[in-house]
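Here the structure is laid out as structure tokens; the discussion comes afterwards.
Readers should treat all values here as calculations from the given coordinates under stated rules, not as data from a laboratory. All values reported here derive from a predicted model rather than from experimental measurement. All Cβ positions, even for glycine, are placed from backbone atoms using ideal geometry, and neighbour counts span all protein chains on display.
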């Protein structure tokens, strides 16, 4: 008992700290030694609290480090923390006296190497593809010749100049630039907002609504192009009602916006080539189509002319038709004239024979009977002759009407004119020699004219002599 009391009364040189004093001292020591560090590890158990702060753990094979991202820093991160993500974080080491622990206050997060980036990119691509954002059925055709082209790109640099130069060379169109940042903090949000802004324009407004969009950026590393892999940009591109061409990076660079776009161009210059055709080639194509059309029309007109000439040859000549009918009519007339006389002569001979063989009474009776028969025959002959004459007149009138319908004079009376040259009618423009004298024949006369001549024709029109309205008899 005496030894214990003696030990308790032994003086010490070490000062006595309170718990708070020791915690504060440790905090200062740790923060002074590790004021700003970069730590690589795998993210575990990330959780965003209601306050907006994110709490997580960084671990490797043997150790675990608590971490916190304050709400202000969380909003500025390009890459959001996800479970299992291999990252390099930058921040300050500090202690938490309430739990006698230390932690890192994270200010920035970056993926640890290209492999981690590619893994994140592939995981995101699969997730968005599963939603159908990359399906071919969603893709819209690019208009052949847009009136207005909208470009989402940086206002500085060679990209916008290359697009404007290529469009001007191929087929000048109006180009509207929506300037955005294409790299760094906030770039993805600006690109997405530009795509949505172009789609929000109303047709006929002060700013014309583009017919096609080009989202373009020059080449760079995977990290430089990362803004075009962000989900907000991919969803904006997939939801665009205006056909969209992506032209991000060089030919070997692929970003997620390329999958969501309606067409992907390997370079910004190629995007301009996809947007507009070559004006000279288009003009040559139109000229070729015009030539083919004119040749087709020429062949059609030539075929119709040949058919018409064939139909004209099939129409009999008017004078031949009339001559044949006149000859037939003359024969009928002669037969009508000779018929009664021959019949009377035959009956007279029969009467003489009967009279020679019969007595007077019988002769008289036979004579009376013959006279009756003769009267009936004359009546029938007269009726038959009248019918024959009527039929012949009808036939002749029909033929005359048909002949009149094809008469050139009737065509002239309908308002047409006939061009007659020294060698006869001019039926083709190939025979119309400039400067040659011709005659224009109308229904009521003719007038001289000159092919390709200047000034009015000063020659008085010839007038036909009035024709008599009475037609002579054919008999």
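Pairwise Cα distances in the range 139-186 exceed 16 Å for 47 percent of all pairs. Secondary-structure-derived ellipticity at 222 nm for the chain, considering helices only, amounts to -15500 deg cm²/dmol, per-run term -39500 (n - 2.57) for DSSP H runs with n ≥ 4.
Pairwise Cα separations in the chain fall into 10 Å bins from 0 onward with the following percentages, short to long: 3, 11, 12, 9, 8, 7, 7, 7, 6, 6, 5, 5, 4, 3, 2, 2, 1, 1, 0, 0, 0, 0. Find the centroid of the Cα atoms in the range 30-45 and in the range 97-152, then give the distance between the two in whole Å. A separation of 26 Å, based on Cα centres.
For the chain, the relative contact order comes to 8 percent (Cα pairs under 8 Å, sequence separation of at least 6). Taking 1 over the mean of 1/r across every pair of different Cα atoms in the range 19-112, what Kirkwood radius in Å do you get? It works out to 13.6 Å. Using 0.36 nm per residue and subtracting the Cα-Cα separation, the extra length available between residue 206 and residue 420 on full extension is 70.8 nm. Translational diffusion coefficient, Stokes-Einstein: compute it for the range 120-277 using the Kirkwood radius over C-alpha pairs as Rh, at 10 °C and 1.306 mPa s, and state it as an integer in µm² s⁻¹. Roughly 103 µm²/s, to the nearest whole number. Inverting the pair-averaged 1/r between distinct Cα atoms of the range 318-406 gives 15.9 Å as its Kirkwood hydrodynamic radius.
I'd like the FRET efficiency for residue 107 and residue 17, computed as 1/(1 + (r/R0)^6) with the beta carbon distance as r and R0 of 25 Å, rounded to 0.05. Efficiency, from the Cβ-Cβ distance: 0.20. Working note: Debye formula, equal point scatterers on the alpha-carbon atoms of the range 175-220, no solvent; log10 I(q)/I(0) at q = 0.13, 0.19, 0.23, 0.31 Å⁻¹ is -0.32, -0.64, -0.85, -1.25.
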